[in-house]
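**Student:** What follows is a structure written as structure tokens; I'll ask about it next.
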Amino acid sequence: MIARYKDLCLDALDVPAAARFWSVALGLRSEERSTGALLRGGAPERAVWVNRVDEPRQAKNRLHVDVSTPSVQRLIDAGATVADADTFAWTILRDPDGGELCAFVRDDPAADPFYELVLDCADPQAQATWWHGVIGGELGHDEEHGWWWVDPPEGWPWESWVFVPVPEPKVETNRVHPDLWGEEGDLVAAGATVVDRQPGWVVLADPEGNEFCAFAPPDADEC
């Protein structure tokens with residue numbers, strides 16, 4: 001493991017609408033920020049940044065969130081629209097910005113809404129293996145469907161990170177991405193590429209070009 005989870009970032013055209021929706025979907029409180037909104041509640045790693053962008057979406061989310069919910073209607077009332085309620089055992093929704101998410105209805109009222117991150121991949125095995133080397137945890141595989149996953153280590157709010165095969169290529173900057181605590185040099189040595197540098201963090205991409213941000217850890221010995 002060379003990096004730890006920090007938080008999640010979501011890009012949106014309409015920050016207030018997106019922040020209202022995701023605060024309900026993930027059980028967080030929303031706080032206005034100069035560049036968007038910060039959603040938080042409980043442990044620091046449960047924070048979600050909703051960042052304002054001017055560019056409209058061009059394609060479906062390459063990385064999307066799966067949430068646990070007591071009912072799909074609760075998410076619709078918060079601003080979601082139904083994209084597909086019939087094909088799968090779960091419901092595919094769109095948030096107010098049009099981004100896809102999947103809703104899994106769980107009867108357990110104590111079920112954590114932070115369920116899974118799901119990444120579309122050209123090569124799920126290679127992607128899962130690479131990310132497993134970066135974040136640690138347990139690597140798994142569903143041979144029938146071609147899915148791979150990493151059950152992350154302690155400190156991740158998500159139960160699992162799932163890597164699924166898709167035929168379409170990545171066509172735009174991901175509107176959902178994780179932030180990590182990690183050193184740029186370690187991540188580049190592992191195979192990440194530098195996309196941009198900002199004061200305080202660096203934007204990197206994994207081997208299939210999926211963006212994530214790395215922040216120097218407050219204690220380098222923890223990674």
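The values are calculated or read from the model by the stated rules, or taken from the named source; none is laboratory data. Here the structure is a predicted model, which means the values were calculated and not measured. With ideal geometry, Cβ positions are generated from the backbone for all residues, glycine too; neighbour counts draw on all protein chains shown. Heavy atoms of the whole protein, side chains included, go into the accessibility calculation; ligands, DNA and RNA do not. Shrake-Rupley method; radii C 1.70, N 1.55, O 1.52, S 1.80 Å.
**Student:** Which net charge results when you count Lys and Arg as +1 and Asp and Glu as -1 among the other residues whose beta-carbon is under 11 Å from that of Ala126? Walk me through the intermediate numbers first.
**Tutor:** Details: positive: none; negative: Asp123, Asp206, Glu208.
Computed value for this residue: -3.
**Student:** Please report the antiparallel percentage of DSSP beta bridges with both residues in segment 1-109, rounded to the nearest 5. List each step's numbers first, then the result.
**Tutor:** Values: 16 of 26 bridges.
Bridges in segment 1-109 are about 60 percent antiparallel.
**Student:** Still on this structure, please answer the following. Under 1.5 on a/c is rounded, so check that first for the chain, then, if it is not, pick prolate when a/b is larger than b/c and oblate when it is not; a ≥ b ≥ c are the square roots of the alpha carbon gyration tensor eigenvalues. Mind showing how you got there, number by number?
**Tutor:** Values: a/c = 1.44, a/b = 1.21, b/c = 1.19.
Rounded is the answer for the chain, as its axis ratio a/c remains below 1.5.
**Student:** Same structure again: With a 1.4 Å probe and every protein chain kept in, tell me what percent of the accessible surface of segment 147-223 is carbon plus sulfur.
**Tutor:** On the way: 2020 of 3690 Å².
Reported share for carbon and sulfur atoms: 55 percent.
**Student:** Could you compute the FRET efficiency for His141 and Thr87, with r as their C-beta to C-beta distance and R0 at 25 Å, rounded to 0.05? Mind showing how you got there, number by number?
**Tutor:** Details: r = 23 Å, r/R0 = 0.92.
With a Förster radius of 25 Å, E is 0.60.
**Student:** Roughly how many Å² is the accessible area per residue of segment 73-192, as a whole number, for a 1.4 Å probe?
**Tutor:** Details: 5730 Å² over 120 residues.
Using a 1.4 Å probe on heavy atoms only, each residue of segment 73-192 averages 48 Å².
**Student:** Same structure again: Arrange the residues Phe215, Phe88 by how much accessible surface each exposes, largest first, with a 1.4 angstrom probe. Walk me through the intermediate numbers first.
**Tutor:** On the way: Phe215 35, Phe88 95 Å².
Descending order: Phe88, Phe215.
**Student:** Segment 75-166: which GluC sites (Glu not before Pro) are DSSP loop and have at most 11 other beta-carbon atoms within 10 angstrom?
**Tutor:** Numbers: sites: Glu100, Glu116, Glu138, Glu143, Glu144, Glu154, Glu159; in loops: Glu143, Glu144, Glu154, Glu159.
Filter output for segment 75-166: Glu143, Glu144, Glu154.
**Student:** Next up: Could you tell me the center-to-center distance, by alpha carbons, between segment 204-220 and segment 43-65 in angstrom?
**Tutor:** Segment 204-220 and segment 43-65 have Cα centres spaced 16 Å from each other.
**Student:** When each pair of different Cα atoms in segment 1-122 is counted once in the 1/r mean, what is the Kirkwood radius in angstroms, to one decimal? Don't jump to the answer; show the numbers that get you there.
**Tutor:** Values: mean 1/r = 0.0672 Å⁻¹.
Value: 14.9 Å, from the Cα pair sum.
**Student:** For n ≥ 4 DSSP H runs only, could you compute -39500 (n - 2.57) per run for the chain, divide by its residues and tell me the 222 nm figure to the nearest 500?
**Tutor:** On the way: 4 runs with 37 residues, N = 223.
Using -39500 (n - 2.57) per qualifying helix, the result is -4500 deg cm²/dmol.
**Student:** Round to the nearest 10 and report in Å² the accessible area of Asp179, as given by a 1.4 Å probe over the protein chains' heavy atoms.
**Tutor:** Accessible surface of Asp179 is approximately 10 Å².
**Student:** How much of Thr173 can a 1.4 Å solvent probe reach, expressed as accessible area in Å² and rounded to 10?
**Tutor:** 90 Å²
**Student:** Any chance you could get the radius of gyration and Dmax over the Cα atoms of segment 67-169, in Å?
**Tutor:** Rg and Dmax of segment 67-169, Cα atoms, are 14.7, 40 Å.
**Student:** At a probe size of 1.4 Å, how large is the accessible area of Arg62, to the nearest 10 Å²?
**Tutor:** Number for this one is 30 Å².
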